[in-house]
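Undergrad: Input: one structure, supplied below.
The values are calculated or read from the model by the stated rules, or taken from the named source; none is laboratory data. Note that this is a predicted model, so its numbers are computed, not measured. Quick reminder, even Gly has a Cβ in these numbers, built from the backbone with ideal geometry, and neighbours come from all protein chains shown.
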Amino acid sequence: MRHTISVLVENKFGVLARVSGMFSGRGFNIDSLNVAPTHDASLSRITAVIKGDDASLDMVTKQLRKLVNVVEVVDFKEGQAVVRELVLVKVKADARTRSEIMQICDIFRAKVVNVAHDALVVEVTGDEGKTAAFLRLVEAFGILELARTGQLAMRR
């Protein structure tokens, strides 16, 4: 079962290593990891997506709460949070296929952020389903490069 964990931490050296070490030390593989400062510069939010059963995840959240510099730990249940991811994808595009790719971008409200002679760089933001569907459609044109932020989550 996939879990989205939000960990509010003090913005200090080594905190990310301790938090990610807690996950790996308990045998969890991190599917997605995102870290950035919050509106308060002294705090950062770590958002991790991991797979595991509820019992072992409960143990990990308790262990996280005991770590120095951890302010808050939230395991978002289904529907409790707004979840988004940013994807930048460079798609092969020539004069013949460019307009079709741009139509797909319009449907998904994706934004073309760079146009080259043989490729387009597209920015798409959304939940996992939206980004996966977009990538499946543009894959037929040829994905040259891909970068993802990892998921972000905020309580509804």
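Undergrad: Could you please tell me which pairs satisfy a Cβ distance under 7 Å, a separation of 6+ or placement on different chains, a first residue in region 52-64 that is more than 12 Å from Phe28 (Cβ to Cβ), and a second residue that is of a type outside the set (Gly, Ala, Ser) and surrounded by 12 or more Cβ atoms within 10 Å (Cβ to Cβ)?
TA: none
Undergrad: Can you say whether Glu85 is under 27 Å from Ala110 (Cα atoms), among the acidic types (Asp, Glu), modelled with pLDDT of 90 or more and assigned to a strand (DSSP E or B), as far as the supplied structure shows?
TA: Judged against the criteria, Glu85 is a match.
Undergrad: For Thr47, are the conditions met, namely being β-branched (Val, Ile, Thr), within 21 Å of Gly25 (Cα to Cα), surrounded by fewer than 18 Cβ atoms within 10 Å (Cβ to Cβ) and in the same structural domain as Leu33 (by TED's automatic domain parsing)?
TA: No; evaluated as a whole, the condition is false for this residue.
Undergrad: Now for a different question. With respect to the numbered conditions (1) surrounded by 12 or more Cβ atoms within 10 Å (Cβ to Cβ); (2) within 29 Å of Thr131 (Cα to Cα); (3) in contact with a Lys or Arg (Cβ under 9 Å, 6 or more places away or on another chain), which one is the sole condition not fulfilled by Gln63?
TA: (2)
Undergrad: Counting just the residues of region 1-20 that are assigned to a strand (DSSP E or B) and in contact with a strand residue (DSSP E or B) (Cβ under 6 Å, 6 or more places away or on another chain), which one comes out modelled with the lowest pLDDT?
TA: Only one residue tops the list, namely Arg2.
Undergrad: Give the number of residues within region 21-37 that are within 20 Å of Arg148 (Cα to Cα) and modelled with pLDDT of 85 or more.
TA: Result for region 21-37: 8.
Undergrad: When residues of region 102-156 are filtered for being under 18 Å from Leu86 (Cβ atoms), in a loop (DSSP other than H, G, I, E, B) and in contact with a Ser or Thr (Cβ under 6 Å, 6 or more places away or on another chain), how many remain?
TA: Summing the residues that are under 18 Å from Leu86 (Cβ atoms), in a loop (DSSP other than H, G, I, E, B) and in contact with a Ser or Thr (Cβ under 6 Å, 6 or more places away or on another chain) in region 102-156 gives 2.
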